[in-house]
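Here's the structure, in structure tokens; my notes come after.
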Amino acid sequence: MPWGAPLRSRSRASGRGPWACMVWSTAMPELPEVETVRRSLEPHLVGRRVVAVEARPVRLREGIEPADWRARIEGTRFTALERRGKYLIAHGERAAALFHLGMSGRLVLARSQEPFAPHTHLVLRLEGGLEVRFIDPRRFGVAVVLEPGALAAHPSLARLGPDPVRGDAEGALTAAARSRSPIRSVLLDQRVLAGLGNIYANEALALAGISPLRRADAIAPRRLAALAAAVRQVLTAALDAGGTTLRDGGFVNAAGDGGYFAVKLAVYGREGQPCAGCGGAIVRRVLAGRSAFYCPRCQR
Ligand SMILES: [Zn+2]
């Protein structure tokens, strides 16, 4: 296949049936979205062998060497699909596939006759006729194939902090709170907690009544504990909302591409709108290049 040639559909099957799968919005996927992808793919992926790999030699944040994918993944049976932070790891008998959705990436399940979406860079055809497709228009994602033993040493995985839902979020925040950085930056640091992104970080700070601009080392321990609980609460609510979208056999119809789950956001994206707590206007401040949304009266 020539350099940069788009992957072509093998047939012209038209329409977007229920198999036209998951579609995510332009918002960056965070822990709940990635976990929902994991739950939807797991029953179709685990136990199945990869019969063919089609890869396009694009330049992502990391990965896709077509020859590598073919040599190591073709013929491999997947044994587990694991999430660590925002990474997904498809463990195979002989190799592991490591994915990160970056800013715009999607991992979708499709039947082989389904046409390829634009920016499909990788296709893993499974026995039984289903395919896992990696689509990434902005190419900030990761799609790497590794020896099983190389996983632990992968630099991105090795530095990940605990899972904010399953792990000790309070301990992680307390340890990180010696930092003079704004607390929002601490929450986004994947070495502190793995899986939080800007949307749920802002929402957790709103729930805990803490300003995203406040220096981490100026927050009292009991407020850090409240923040850890708030992180868990917003992520769990989003996971539950994602779970509801999964009930239709594990797929989200392309027509229903609301992107982020129907979670009611208190502050994120709500600049100028009234705060539910005090009625004052939500403000937006750009902090380290990314928007922070908060209520200056309710969040200190
Ligand atoms: Zn308020």
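The numbers here are math on the coordinates, done by the rules we state, and not lab data. Treat the numbers as computed from the prediction; the structure is a model and nothing was measured.
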From the backbone phi of the stretch 279-290, what are the Karplus-calculated ³J(HN,Hα) couplings (6.51 cos²θ - 1.76 cosθ + 1.60, θ = phi - 60°) in whole Hz, Gly and Pro given as x? x, x, 7, 5, 10, 10, 10, 7, 10, 6, x, 10
Kindly identify the stretch 18-158 as rounded, prolate or oblate by the Cα gyration tensor criterion: order the square roots of the eigenvalues as a ≥ b ≥ c, call it rounded if a/c is under 1.5, otherwise compare a/b with b/c, prolate if a/b is larger, else oblate. rounded
